[in-house]
Amino acid sequence: MALMATPCLFIDMHTAFLALGSNLGDKDRNLQLALEKIAEKIGAISALSSIHASEAWGYKSENRFLNQVVKVETELSPLELLKTIQAIETQMGRRRKNSARYQDRIIDIDIILYDDLVYQSEELTIPHPLYRQRPFVQEPLEEILTNCKKSAFINKISSCLFVFVSSCFLY
């Protein structure tokens, strides 16, 4: 019997950090629903910050924001990711503004980082040009990055201990 080679499919996976914000309606539920839609349409969520409350940024509003940052593994290109995010926002009831001014919103999802990509077009800039100026993005992002570094360090130490302990029993 002849062996037939099957083609291997390699899927490029990318890591994206997304900032979520909501200041209308049931804000906790809005964030939760956005996370569910991200997991369904974008990819696996591999890290999640705690929820941070903040005042509106760039405009005045009586409605405080709830904000969160998520790390997601995705097959989508940056522009596909942007289009998918915009579709999620629209499905959740977000209405695009007609002016250049900020406004209250049910959900806002921004691409903060995408792998180590630096990208600029009319539609999209990566890294997000204002994320370092926004504590409500910077703080939850640092929370995730710190936890990821700790996790990677713990995994490395655990691997080293496993190899060491395993080698002790070889003799």
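Does any residue of the range 16-24 turn out to be surrounded by 15 or more Cβ atoms within 10 Å (Cβ to Cβ), over 18 Å from the mean Cα position of the chain (by Cα) and modelled with pLDDT of 90 or more? Talk me through it step by step, then tell me what you get.
Kept after step one, since they are surrounded by 15 or more Cβ atoms within 10 Å (Cβ to Cβ), are these residues of the range 16-24: 16-24.
Within this subset, residues satisfying the condition of being over 18 Å from the mean Cα position of the chain (by Cα) are 23-24.
Checking the rest, the ones that are also modelled with pLDDT of 90 or more come to 23-24.
Yes - at least one qualifying residue is present in the range 16-24.
You will find that of Ser151, Ser121, the residue that is small (Gly, Ala, Ser), within 27 Å of Lys37 (Cβ to Cβ) and either modelled with pLDDT of 90 or more or touching a Gly at 6+ places or on another chain (Cβ under 7 Å) (or both) is Ser121 and no other.
The values are calculated or read from the model by the stated rules, or taken from the named source; none is laboratory data. Source: prediction; values computed, not measured. Note that each Cβ is placed from the backbone with ideal geometry, even for glycine, and that neighbours are counted across all protein chains shown.
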